[in-house]
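**Q** Okay, handing you the structure first.
The values are calculated or read from the model by the stated rules, or taken from the named source; none is laboratory data. These numbers come from a predicted model, not from an experiment. Using ideal geometry, Cβ is built from the backbone for each residue, glycine included, and neighbour counts are taken over all protein chains shown. Each accessible area value is taken on the protein alone, full model and side chains, heavy atoms only, with ligands, DNA and RNA left out. Shrake-Rupley method; radii C 1.70, N 1.55, O 1.52, S 1.80 Å.
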Amino acid sequence: MLRWLTAFVDVPAPFADRDVAFWQAVTGSTLSARRGDRAQFVTLLPPTGDAYLRAQTVFAGDGGSHLDLHADEPEALAAHARSLGATVRYQEPGLVVLESPAGLAFCVVAARGEAVRPAPVTRDDGSRSVVDQLCLDLPAGGYERECDFWSALTGWQLRPGSRPEFHYLVRPAGMPLRLLLQRLGDARPAAAHLDLACDDVEAEAAWHAARGARRSHRTADWITLRDPAGLPYCVTRRNPDTGTTPG
């Protein structure tokens, strides 16, 4: 059974310290001790609730984001993923690394009792924000299959989003992350990025820019930025409590 989700920021090694400090500030977190054979893993510990964000230093490639699914029996959930079309890339006790049918990397890990969703962070001006969504950026050719895959794997209902290129999965109460599935308009490979919900999009984006982020573009509902490592993410006008877009 799926119990929890964790989102990873996969940071290229030259930017690791600066990028982790950025996400620590954005989320109001403290840092765990580093772990791994190259001290490549660190957990962002929220002020309230259970941890659901981690950073991983990567020593090859451009980095990005990926999802961990926490389950009582990770091997059984991984077997279910395989039956739905996923491919296993690595396995050890309590950890299975897979790729979705569209080639999106994710992990299945053992649950460790996480159950309490952290509250939004309140800024000095009283506005609130929270990293609450992982957007799966998917090639158009395999989009429908990928939507069916993630809905079947999580057991969450698939619904159309606020724009034609979006679907989302209805997360259970208490789950820290929503999953948004975005159909790409070009031939880019599958990837993922973090999204924040906030009370004031412009103020939140300015707060991020003052700490090293760069604005990329703006729509009516979100601002796309790049963190100090150049990794894309979005600040959206969704409600920080419900994750839904007003109106």
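**Q** Among DSSP beta bridges lying fully in the stretch 53-194, give the percent that are antiparallel, nearest 5.
**A** Once the DSSP bridges in the stretch 53-194 are tallied, antiparallel ones form about 70 percent.
**Q** Something else: Per DSSP helix of 4 or more residues, -39500 (n - 2.57); summed, then divided by the residues of the chain. What does that give at 222 nm, rounded to the nearest 500?
**A** Value at 222 nm, helices only, nearest 500: -5000 deg cm²/dmol.
**Q** What share of the DSSP beta bridges in the chain is antiparallel, in percent to the nearest 5?
**A** So the antiparallel bridges in the chain amount to around 70 percent.
**Q** What Rg and what Dmax come out for the stretch 115-215 when only alpha-carbon atoms are used, in angstroms?
**A** That works out to 15.4, 45 Å for Rg and Dmax.
**Q** Leaving out ligands and nucleic acids, note down the accessible area per residue over the chain with a 1.4 angstrom probe, in whole Å².
**A** In whole numbers, the chain has 45 Å² accessible per residue.
**Q** Order Leu77, Leu45 by their accessible area, 1.4 angstrom probe, all chains in place, largest first.
**A** The residues order as Leu45, Leu77, largest area first.
**Q** Roughly how big is the chain's charge dipole about its Cα centre, with Cβ charges of +1 (Lys, Arg) and -1 (Asp, Glu), in debye to the nearest 20?
**A** The calculated dipole for the chain is roughly 160 debye.
**Q** Give the carbon-plus-sulfur fraction of the accessible surface of the chain in %, rounded to a whole number; probe 1.4 Å, heavy atoms of protein chains only.
**A** With neighbouring chains kept in place, the figure for the chain is 52 percent.
**Q** Net charge near Asp10, counting Lys/Arg +1 and Asp/Glu -1 over other residues with Cβ under 12 Å of its Cβ?
**A** -3
**Q** In the stretch 31-62, which trypsin sites (Lys or Arg not before Pro) are in a loop and have at most 16 other Cβ atoms within 10 Å, using DSSP for the loop call? Present the calculation step by step, with values, prior to reporting the outcome.
**A** On the way: sites: Arg34, Arg35, Arg38, Arg54; in loops: Arg34, Arg38.
Those satisfying the criteria are Arg34, Arg38.
**Q** Considering the convex hull of the alpha carbon atoms of the stretch 46-125, report its projected area averaged over all viewing directions, in nm², one decimal.
**A** 7.5 nm²
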